[in-house]
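The values are calculated or read from the model by the stated rules, or taken from the named source; none is laboratory data. These numbers come from a predicted model, not from an experiment. Virtual Cβ from ideal backbone geometry, glycine too; neighbours counted across all protein chains shown.
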Amino acid sequence: MACHRPVVACFPGGVPLAQITGNAEAAGYRVLHSWPEGTPISCPAHTPERPRNLYVQGIDNQRRQNWDAAGMAFRTCLDQALRRLHLEGKGTLARRIDDLPPETGVTPSMKTWAHEIRTLGNEAAHEDEPFDEDSTKDLQSFTEVFLMYAFTLPGMLAARHPPTDG
């Protein structure tokens, strides 16, 4: 994490400390404990794997202040979420949002949120000006709420009231 603040880590014996720079775990070193403790990244429950991974990447980049990368990850998360909701959807992301059938559970207000994510994500990917923290926070909030409505709430309902045969 690029927090620009001190971090203390405890490693097993025999780790050459002079060689550890950046992300120790990514370099193959096992971290026994660190201070301050990291905050785990979570995604709304019941989100399918690919959009979940992209949402986590967006949060990770947001924490590292990589605003453009975070914005693009959230937009791609939406794209992948829509692919899971409506397998037959074709064309541009804008068209796929507009063409979502009612049986996907996506309401008109959710389509509006999806267009907000798409527009902000496009700005992160294509504008000459760098993306900023406030825009990334908006994009993350829109994406989180969209995932909650699209996957978390239906998943909770299905768990509570499983379909019955007959």
Given the conditions (1) out of contact with any helix residue (DSSP H, G or I) (no Cβ under 9 Å at 6 or more places or on another chain); (2) in contact (Cβ under 8 Å) with a residue 40 or more places away in the chain; (3) of a type in the set (A, V, I, L, M), every one holds for residue 87 apart from (2)
Subset of the stretch 125-144, residues surrounded by fewer than 16 Cβ atoms within 10 Å (Cβ to Cβ) and not acidic (Asp, Glu), comes to 125, 126, 130, 137, 141
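Would it be correct to say that residue 59 is touching a residue at least 24 places away in the same chain (Cβ under 8 Å) and closer than 16 Å to residue 145 by Cα?
When the stated conditions are applied, residue 59 passes them.
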- Message: Tell me yes or no: at least one residue of the stretch 153-166 is over 17 Å from residue 72 (Cβ atoms), acidic (Asp, Glu), not in a helix (DSSP H, G or I) and not assigned by TED's automatic domain parsing to the domain that holds residue 68.
- Response: yes
The condition of being free of Cβ contacts under 8 Å to residues at least 60 places away in the same chain, in contact with a helix residue (DSSP H, G or I) (Cβ under 7 Å, 6 or more places away or on another chain) and more than 16 Å from residue 57 (Cα to Cα) holds, among 72, 110, only for 110
